[in-house]
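This report refers to the structure that appears directly beneath it.
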Amino acid sequence: MKIIDKYLLKSFLITFTTVFVILFFIFVLQSIWLFIAELAGKDLDFVTIFKFIFYYSPIMVPLVLPLSILLASIMTFGSFAENYEFAAMKSGGISLKRAMKFLVICTFGFSAVAFLFANNIIPEAQYRFVNLRKSILQTKPAMAIGEGQFNKIGATTTIKVDKKSGDNGEFLEGITMHMKKGEFGPISTVIKAKKGVLKSEETTNLLQLDLLDGNYYEDIQPQKMEERAKLPFAKSSFKKYTINIDLAKLNGTSDDGGGEIINAFNMLTMGELKYTIDSLKLNYNKDVVSYSENIDKTSQSLTDALQVASPTPTPKVVQTNTKSTTNLLDLFPTEKQTVLIDVAKSNISNTIFSLDNYNTDLEMKKKYINDFWIAYYDKILVAYSCLLMFFIGAPLGAIIRKGGLGLPIVFAVLIFIVFNFANTFGKKLAGQDAMHPFLGVAAGALILTPFAILLTYRATNDMGLTIDLDWLINPIKNIFTKLTNNKQQSSNTQTNEQ
């Protein structure tokens, strides 16, 4: 390694380290703020809070690392170009392509570290983080419910508590619970209680809420519209009412039945993800075959109905009329046609109902499989995004010739917003089975890769950002010029004739 290579590498690494530490600190604080309600005022010791932050911090690395490489490369190469150091290198026979050589090798190293981090460390950190939250909720169950506000528990239940007391806040007063029939449905049940007690055990994943001295209200939906206008409801009183709250729902995860919370798609390595995906796909294919066989079995009901309607042995078929008919019912006796129609209607209704249920079930399982594929491809994207951001930042810095924290930050933020927004949008579509998981995860990379190639090509050939579009604009200008001239000539001709 020559002196110039050491100088370039040293400048890049110093800038990268500074930027990474600052951005990592900002991202971690911003993310921890999302959980501040779980930490503030809960009498947690310093060790528990430190573990909470320590286990969550690695999750931020896939966001911070590519952005740090992008900003550091823009600042480093922009500073070199601004101070005419690249001009001095070129006069000495060192091209931009040659100057980037060891930095590219360094970026490949960052990509390898990012991949190992995403594949091994982040799943373990995610596992420990979620189970730490569960442990905190078990030892201090009142953390699951904030005071003086509605807290969402699962997809269909919210709870509000006026006051909490006790060493761990387990004694509640002024409790109001709202329950919906579905995730997006209206509130159908309201429970109000004067007092309540939260209980939990380390051996179970359930949080027990005992409501004392309260009322239970439930809306009734009559079939007749005129009765619905009266808004009928049922009311009952209770001295004690027990509700079990699943801690896994509070963490957005599932449990394995042994007390520990697990979640496949963000707590598994690539090998474990691939094994799980194969198992899920095998079960999915078995379900498809099973559902198809069930539909085939229902089609036999027509034949069974005919046999029931005609218990006597069917005589041999004797050809009495060779005239063709388009109505299949004419082929059966009149007394059997009514039975046949009724069975056919029932069969069709049952089949449609079954198909709707099967379709919903298969769609949910397909989306569940897509979540695993997204987690699988996401680990590869983290490594590729490091390379991509370098090949955008380095040539862009050399072209704009600006170092420091001004213009480079503007460009870096704009590029990263496009990259992150495209990835988030693509993952949402892939999770809903609207596009292939790979395309969803790589949406941002697919958009910015041509941009990186263009910037690298133009920077290494000293072409700048200005792109010559005369080959596209001039033909369009000529067409409009000809059209304008033709209109003027036609108007002049009409004037002369008059």
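Laboratory data are not the source of any read-out in this text; all were calculated from the coordinates shown. This one's a predicted model, so the numbers in the text were calculated from it and none came from an experiment. A quick note on method: Cβ atoms are made from the backbone with ideal geometry, for glycine too, and the neighbour counts reach across all protein chains shown.
For q = 0.12, 0.28 Å⁻¹, what log10 I(q)/I(0) does segment 47-121 give under the Debye formula with an equal point scatterer on each alpha carbon and no solvent? Here log10 of I(q) over I(0) equals -0.51, -1.24. In this Cβ point-charge picture (+1 for Lys and Arg, -1 for Asp and Glu), segment 344-416 has a dipole of about 280 debye about its Cα centre.
For T481 and Y7 in the same chain, what is the full-extension length gain: residue separation times 0.36 nm, less their Cα-Cα distance, in nm? Numbers along the way, then the final one.
On the way: separation 474, 0.36 × 474 = 170.64 nm, distance 5.56 nm.
My answer for the length gained is 165.1 nm.
Under a Cβ-only charge scheme (Lys and Arg +1, Asp and Glu -1), can you give me the dipole magnitude of segment 357-397 about the Cα centre, in debye to the nearest 20? Mind dumping the intermediate values first?
Details: 4 positive and 4 negative charges, 11 e Å.
The calculation lands at about 60 debye.
Ranked by how many other Cβ atoms sit within 10 Å of their own Cβ, fewest first, the residues T156, T17 fall in the order T17, T156. Peptides 236-245, 454-463 ranked from most to least packed by the mean count of surrounding Cβ atoms within 10 Å: 454-463, 236-245. Excluding same-chain neighbours fewer than eight residues apart, the lysines reachable from K163 by a Cα-Cα span under 21 Å are K42, K140, K152, K192, K194, K195, K199, K239, K240. Length available on full extension from Q149 to K281: 0.36 nm per residue minus the Cα-Cα distance, which gives 43.3 nm.
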